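Notes to accompany the following structure.
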Amino acid sequence: MRVLVVEDEVKMAALLRRGLEEEGMAVDVAVSGEDAMPRAGATDYDAIVLDVMLSGTDGFETCRRMRESGVWAPVLMLTARDAVEDRVAGLDGGADDYLTKPFSFSELLARLRALARRGPVERPAELAAGGLRMDPATRQVWRGEAEIALSAKEFSLLEVFMRRPGEVLSRFQLLEHAWDYDYENRSNVVDVYVRYLRRKIDEPFGTDTIETIRGAGYRLKKD
Ligand code: CA
């Protein structure tokens, strides 16, 4: 198992390296986000241990940029304090897990092993399909540079489409994923909301991203 440790504190980095090497892992150390990004792009790491507190580009930004450049190695973030907002920012930025300093080394190892089992699956924090881009964390949607304002329900419905681009989704599937059991019990509620969505994501742009598949449902064009 090959691990990249990104930590600017020399002592901490050395400690991590020694501990991981004792477990038989191959360890590279990067001392900054700038140093880490090209390494992560060049080598197929099984896991990346990324400190949030880095001089220069911090851990959140480093993680986001690695994901943007197509690096999907599992990332374990080390956060300095037990701050909820740090963990949220880390996970929403594309990290897979986090550990708060000070941590127990056995827990770090267990988490790394669990992450490595998952492998480098592509799991962008932002979704992109049909010429649209969506950030589920900030609940924003764009077509090109234009941000599109959607209601909560329209957003949920579009998110279902964007998580399954190119797939024909039945009205039932759409209902099941975007509405809870208390949904307005109208058989055409999906059609109504698809119409709302088209008015916002397609009509102003002259596009037709959501296709009607007769007798089957709807499909979001991949691109
Ligand atoms: Ca640090």
Total residues in segment 89-112, condition out of contact with any strand residue (DSSP E or B) (no Cβ under 8 Å at 6 or more places or on another chain) and touching a residue at least 12 places away in the same chain (Cβ under 8 Å): 5
Test set (1) open to solvent by less than 40 Å² (accessible area, probe 1.4 Å); (2) touching a strand residue (DSSP E or B) at 6+ places or on another chain (Cβ under 8 Å); (3) in contact (Cβ under 8 Å) with a residue 40 or more places away in the chain; (4) not acidic (Asp, Glu) - Arg2 fails condition number: (1)
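Of the residues Leu112, Leu108, which is more than 18 Å from Glu9 (Cα to Cα) and open to solvent by less than 10 Å² (accessible area, probe 1.4 Å)? Full working, then the answer.
On the way: Leu108 fails: more than 18 Å from Glu9 (Cα to Cα).
Result: Leu112 is the single residue among Leu112, Leu108 that is more than 18 Å from Glu9 (Cα to Cα) and open to solvent by less than 10 Å² (accessible area, probe 1.4 Å).
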Sole exception among (1) more than 14 Å from the ligand (Cβ to nearest atom); (2) in a loop (DSSP other than H, G, I, E, B) for Val27, by number: (2)
Failed condition for Val52, given (1) within 24 Å of Pro124 (Cβ to Cβ); (2) touching a strand residue (DSSP E or B) at 6+ places or on another chain (Cβ under 7 Å); (3) away from the ligand (no atom under 14 Å from the Cβ); (4) among the β-branched types (Val, Ile, Thr): (3)
Scan of segment 5-15 for residues that are under 29 Å from the mean Cα position of the chain (by Cα) and without any contact (Cβ under 8 Å) to a residue 60 or more places away in the chain, ordered by number: Val5, Val6, Asp8, Glu9, Met12, Ala13
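Conditions (1) without any contact (Cβ under 8 Å) to a residue 12 or more places away in the chain; (2) in a loop (DSSP other than H, G, I, E, B); (3) in the same structural domain as Pro74 (by TED's automatic domain parsing); (4) under 28 Å from Glu85 (Cβ atoms), marked per residue:
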site: Arg133; (1), (2), (3), (4): yes, no, no, yes
site: Val141; (1), (2), (3), (4): no, no, no, yes
site: Leu150; (1), (2), (3), (4): no, yes, no, yes
site: Ser156; (1), (2), (3), (4): no, no, no, yes
site: Glu176; (1), (2), (3), (4): yes, no, no, no
site: Tyr193; (1), (2), (3), (4): no, no, no, no
site: Tyr196; (1), (2), (3), (4): no, no, no, no
Among (1) within 25 Å of the chain's Cα centre (by Cα); (2) surrounded by 11 or more Cβ atoms within 10 Å (Cβ to Cβ); (3) more than 30 Å from Arg2 (Cβ to Cβ), the one test that Ala137 misses: (3)
Residue count, segment 62-92 (criterion: in a helix (DSSP H, G or I) and either away from the ligand (no atom under 16 Å from the Cβ) or under 13 Å from the mean Cα position of the chain (by Cα) (or both)): 14
Out of Arg164, Arg186, sole residue that is among the basic types (Lys, Arg), open to solvent by 60 Å² or more (accessible area, probe 1.4 Å) and modelled with pLDDT of 90 or more: Arg164
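The values are calculated or read from the model by the stated rules, or taken from the named source; none is laboratory data. Given the structure is predicted, the values throughout are model-derived calculations rather than measurements. Here Cβ is always computed from backbone atoms with ideal geometry, including for glycine, and neighbour counts include all displayed protein chains. Protein only, heavy atoms only, side chains kept; ligands, DNA and RNA dropped before computing areas. Shrake-Rupley method; radii C 1.70, N 1.55, O 1.52, S 1.80 Å.
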